[in-house]
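One structure below.
The values are calculated or read from the model by the stated rules, or taken from the named source; none is laboratory data. Bear in mind the structure is a predicted one, so any value in this text is a computation, not a measurement. Cβ placement follows ideal geometry from the backbone for every residue including glycine, while neighbour counts extend to all protein chains displayed. In case anyone asks, the SASA skips ligands and DNA or RNA and just uses the protein heavy atoms, side chains included. Shrake-Rupley method; radii C 1.70, N 1.55, O 1.52, S 1.80 Å.
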Amino acid sequence: MAHITINQYLQQVLEAIDTRDGTFCAELLSFKHPHVANPRLQLANPEEKCQQVLEPPYDEMVAAHLRCTYAVSNHDFAEAYKCQTVVVQSFLKAFQAHKEENWALPMMYSVALDLRIFANNADQQLSKKGKGKVGDMLEKAAEQLMSCFRICASDNRAGIDDSKKWGMLFLINQLFKIYFKINKLHLCKPLIRAIDSSNLKDEYSMAQRVTYKYYVGRKAMFDSDFKQAEEYLSFSFQHCHRSSQKNKRMILIYLLPVKMLLGHMPTNQLLRKYDLLQFADVTKAVSEGNLMLLNDALAQHEAFFIRCGIFLILEKLKIITYRNFFKKVYQLLKTHQLPLDAFLVALKFMQVDDVDTDEVQCILANLIYMGHIKGYISHQHQKLVVSKQNPFPPLSTVS
């Protein structure tokens, strides 16, 4: 395949279209396939050749694909993105004309994936040259993918086996990748609604469902809906293919903070297995109620946590650490009426010197409001009065 002539290549495309072989057609349009490295196919002006063999809009689609291989061979990703846009637009003309059939879905997957990748490459290349805003190309690519999505979502006439709706989840996952990259998470909402109301939501391939739940879980985490985040991210982690160690690690980066906020601490064995020992001291600090260790652990690995976008979520563990620390004070004093001074002395003992009585009251009030402590503050007696039954409810029952 690597060194076939342009005519042989076009004949293969023609045959794949005529026989409705969507999978082979997808390979012939994919940048994962070796034909793109063939210098005989890297043409600046292939239109005439394509028109001789293929009918519209396929001639336009394949000509744009070959121009795209030419642009990539010259490392011009802005031009490659432009060509790939034409590939997608031409494909959509053909796709829309396919009534009650979905054999071309693999082609859509192929051209849509390459569009997102080239948009990303073009953004990086242009920003290095100081041209355009980062994310501009990705945003335009998202509009193209939404056009594909609308065609798939509105296919109500075909029977379930021939429905274009099978393409919805793939496109949503590509759109999620863009929206997370350009930080426009609010645009995910209508897409999530579309899947929630779809009768195919549990029928898509496991790989696509794992990706979908990963992004929806991350969005839930940013929305502070930790129970849903745990459910979705746990699904992704459990069903992610065991050979995909890198993906499992990526899921854990978001699942661990959520689990910790819900009171489930990871083992060192798990952290070692997935090379996430950055969380080891954080886990130890939260479990022990050791604020000094927590601050040191967050400071030490700050760059990693910020890069992953979880630093602010991990900051929320401070309140859980206070809860665990105050629980220890309660267990030591063995009384339901705890002097506020006792908390202050204990904090000073833990070398937390920048806290006064007012701040202790504020922290306790927050913990009571969040349901982490069952009790009230008696300002008159300067005491925390806690419930005689389960004054420190398990974190998983609270959040």
* Could you tell me whether residue 320 is on the phi < 0 side of the Ramachandran plot and without any contact (Cβ under 8 Å) to a residue 60 or more places away in the chain? => no
* To do: May I ask you to list pairs of residues, at least six apart or on different chains, whose Cβ atoms are under 7 Å apart, with the first in segment 215-233 being open to solvent by 60 Å² or more (accessible area, probe 1.4 Å) and the second being among the aliphatic types (A, V, I, L, M) and not in a loop (DSSP other than H, G, I, E, B)?
  => 222/185; 228/220
* Test: residue in segment 86-93 that is touching a residue at least 40 places away in the same chain (Cβ under 8 Å), in a helix (DSSP H, G or I) and closer than 19 Å to residue 161 by Cβ -> no
* Exactly one of (1) of a type outside the set (Phe, Trp, Tyr); (2) surrounded by 16 or more Cβ atoms within 10 Å (Cβ to Cβ); (3) under 22 Å from the mean Cα position of the chain (by Cα) is unmet by residue 283. Its number? -> (3)
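Every residue in segment 370-392 that is under 32 Å from the mean Cα position of the chain (by Cα) and open to solvent by 10 Å² or more (accessible area, probe 1.4 Å), please.
370, 371 - these are the residues of segment 370-392 that are under 32 Å from the mean Cα position of the chain (by Cα) and open to solvent by 10 Å² or more (accessible area, probe 1.4 Å).
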* **Flag for residue 53 being among the β-branched types (Val, Ile, Thr), farther than 26 Å from residue 181 by Cα and surrounded by fewer than 21 Cβ atoms within 10 Å (Cβ to Cβ)** => yes
* To do: Return yes when residue 349 is within 23 Å of residue 295 (Cβ to Cβ) and open to solvent by less than 40 Å² (accessible area, probe 1.4 Å) and no when it is not.
  => no
* For segment 290-310, indicate whether the set of residues that are loosely packed, with under 14 Cβ neighbours inside 10 Å and within 24 Å of residue 234 (Cβ to Cβ) is non-empty. => yes
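Can you go through 309, 263 and tell me which one is among the small types (Gly, Ala, Ser) and in contact (Cβ under 8 Å) with a residue 24 or more places away in the chain? Talk me through it step by step, then tell me what you get.
Numbers: 309 fails: in contact (Cβ under 8 Å) with a residue 24 or more places away in the chain.
Of the residues listed, the single one that is among the small types (Gly, Ala, Ser) and in contact (Cβ under 8 Å) with a residue 24 or more places away in the chain is 263.
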* Asked: Which residue out of 331, 337 is in contact with a Lys or Arg (Cβ under 7 Å, 6 or more places away or on another chain) and open to solvent by 40 Å² or more (accessible area, probe 1.4 Å)?
  -> 337
* Asked: Among all residue pairs at least 6 apart or on different chains, which show Cβ distances below 9 Å where the first residue, located in segment 126-150, is touching a residue at least 12 places away in the same chain (Cβ under 8 Å) and the second is crowded, with 21+ Cβ neighbours inside 10 Å and among the basic types (Lys, Arg)?
  -> 138/116; 141/116; 142/116; 145/116
* Asked: Applying the selection to segment 246-277, what residues are of a type in the set (Val, Ile, Thr) and open to solvent by less than 70 Å² (accessible area, probe 1.4 Å)?
  -> 251, 253, 258
* Structure fact -> When every residue in segment 89-136 that is of a type in the set (Phe, Trp, Tyr) and within 20 Å of the chain's Cα centre (by Cα) is compared, the one nearest to residue 175 (Cα to Cα) is 109
* Would you mind finding the one in 396, 387 that is touching a residue at least 24 places away in the same chain (Cβ under 8 Å), within 22 Å of residue 254 (Cβ to Cβ) and among the polar types (S, T, N, Q)? => 396
* Quickly run through segment 16-49 and pick out the residues that are loosely packed, with under 13 Cβ neighbours inside 10 Å and acidic (Asp, Glu). => 18, 48
* Can you tell me which of 337, 351, 300 is over 25 Å from the mean Cα position of the chain (by Cα), in contact (Cβ under 8 Å) with a residue 40 or more places away in the chain and over 18 Å from residue 364 (Cβ atoms)? -> 351
* When residue 100 is evaluated against the numbered criteria (1) open to solvent by 40 Å² or more (accessible area, probe 1.4 Å); (2) closer than 17 Å to residue 36 by Cα; (3) among the acidic types (Asp, Glu), which criterion, by number, is the only one it fails? -> (2)
